[in-house]
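What follows is a set of notes on a single structure, which appears directly below.
The values are calculated or read from the model by the stated rules, or taken from the named source; none is laboratory data. All of these numbers come straight from a predicted model, not from anything done at the bench. Cβ coordinates were reconstructed from backbone atoms using ideal geometry, including for glycine residues, and neighbour counts include every protein chain displayed. Protein only, heavy atoms only, side chains kept; ligands, DNA and RNA dropped before computing areas. Shrake-Rupley method; radii C 1.70, N 1.55, O 1.52, S 1.80 Å.
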Amino acid sequence: MTDQVQVLKQLLQIPANKRCADCGERCPRFASVTFGVFLCNRCFGVHRGLGTHISRTRSVHLDKWSDEQLQAMKSIGNEKAAR
């Protein structure tokens, strides 16, 4: 298991990150790196439709993540973004 997968799994164990930041659906599988939040499939589609100049999205399981992207997710997360 790669380090990035381990980091993402740990982040998804945080209670606030276990639900979509936008609608509250359980088990988000995507993220907006721009906003540092985890998203469900439907909300991921909305964010992707906004364009990368507004919300840069990634799949938690399918995409490769840079260190900067992982750091953005660590530093924000769903709970902090909701404030």
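A few comments on the model shown:
- Sequence-distant residues sharing a close amide H with GLU25 (under 5 Å, placed H): CYS20
- Note that the chain presents 65 Å² accessible area per residue, ligands and nucleic acids not counted, probe 1.4 Å.
- With a cut-off of 11 Å on the backbone N, the residues of segment 32-53 near the modelled label site 7 Å out from LEU12 along Cα-Cβ are 39.
- Rounded to the nearest 20 debye, the dipole size of the chain about its Cα centre is 220 debye, using +1 on the Cβ of Lys and Arg and -1 on the Cβ of Asp and Glu.
- Annotation: extensible slack from GLU68 through LEU50 equals 4.3 nm (criterion: 0.36 nm per residue apart, minus Cα-Cα distance).
- Surface share of carbon and sulfur [accessible, 1.4 angstrom probe, percent] for the chain: 50 percent
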